[in-house]
Ligand code: H2U
Ligand code: ZN
């Protein structure tokens, strides 16, 4: 019988301890030919200010409101919010029929422009400007956490991820319910703490630093890994190296170091295929309106769709939709590729 060597050629399954889900890894398929869809790559040079952009300073948004002439990151209420604030006559929970359950859902949606500059994405911004985005994320978490159980900060970047506008921006959806991903992580982190008396993601970060096989970037306060259980080809997980519950708990130097590691990670991403790398990213931290948060550790997920070039993306279809997530490239191979790249942006080399 052949010895199982998971990092080489043999199909195997890996467990995601945060979600409780398994992923199928099929490294022997990585070289299969591709004649399918290619993403169109936008090579157009963007202006610093675009008069037709609804996110640029001073411009009118689709809803008719005007952006101020902002000079740092700027947050506003989403004009097409998916969640609305509670009103007195909103009906409450209704679980009377098991097959047709629904419950009220309240919240607020905001958009954050990362920079007044239309042409700069996060990795192209200077460190002090990225640090201001970190501070805004933190302030928004505190403010919305006063009212809502869950504050979901995220960014969809690039047309491949359904982003509607090239102006650098992210979103926040705060809700009075715990969404699915948060619920899974809550359950699994709590169970781990109960079993081991220690924090899942702190143990994991420590162990990844010791193993040193999947690290993409590291500094005094943070580490980025391609997680052992990564689903997307170049998925990464950004982890603090000490216990931190929420973005709003970060100290001054942890914020500076966060700006540093974000710039380094996102520069490596852009350098991988010499393109403005698309992804969805977002923060997960302890929920609000509960004291049971010992099991939580702040972290950010980065889910990029690209697989082999600026124009070939991974599709989550067929087996993934019906059975189980699957990947060809191993997490170790992805980490090695990302780890070998320069931290100077390709447009500046
Ligand atoms: P995405 O590019 O990640 O889809 O985010 C853009 C968001 O900006 C989207 O949620 C909002 C859309 O509703 N938006 C406004 O609030 N005002 C506008 O004038 C245009 C877009
Ligand atoms: Zn713009």
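Readers should treat all values here as calculations from the given coordinates under stated rules, not as data from a laboratory. Nothing here was measured: the structure is a model prediction, and the numbers come from that model. Cβ coordinates were reconstructed from backbone atoms using ideal geometry, including for glycine residues, and neighbour counts include every protein chain displayed.
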Spacing of the two label points (7 Å from each Cα toward its C-beta) at residue 181 and residue 274, in nm: 3.2 nm
Added length on full extension, which subtracts the Cα-Cα distance from 0.36 nm per residue, residue 194 to residue 294: 35.0 nm
Ordering of 170-181, 284-295 by burial proxy (mean other Cβ atoms within 10 Å per residue, highest first): 170-181, 284-295
Gyration tensor verdict on the range 212-349 (Cα atoms; rounded if a/c is under 1.5, prolate if a/b is larger than b/c, oblate otherwise): oblate
R0 of 56 Å, Cβ-Cβ distance residue 319-residue 126: FRET efficiency to nearest 0.05: 0.80
Anisotropy class of the range 173-257 from Cα gyration tensor, a/c 1.5 cut: rounded
Modelled FRET efficiency - R0 41 Å, residue 100 with residue 220, Cβ distances, 0.05 increments: 0.20
Contour minus Cα-Cα distance for residue 65 and residue 45 (0.36 nm per residue): 4.4 nm
Exposure proxy order (Cβ contacts within 10 Å, fewest to most) of 125, 321: 321, 125
Residue 202 versus residue 161: modelled label distance in nm, points set 7 Å from Cα along the beta carbon direction: 2.9 nm
Gain in span if fully extended, residue 15 to residue 28, counting 0.36 nm per residue against the direct Cα distance: 2.7 nm
Share, in percent, of DSSP beta bridges within the chain that are antiparallel, nearest 5: 95 percent
Rg in Å to one decimal, and Dmax rounded to a whole Å, for the range 106-215 via C-alpha atoms: 17.2, 49
Highest-first arrangement of 153-165, 67-79, 258-270, where packing means the average Cβ count within 10 Å: 258-270, 153-165, 67-79
When the convex hull of its Cα atoms is projected in every direction, mean area for the chain (nm²): 21.1 nm²
Space enclosed by the convex hull of the alpha-carbon atoms of the range 306-349, per residue, Å³: 86 Å³
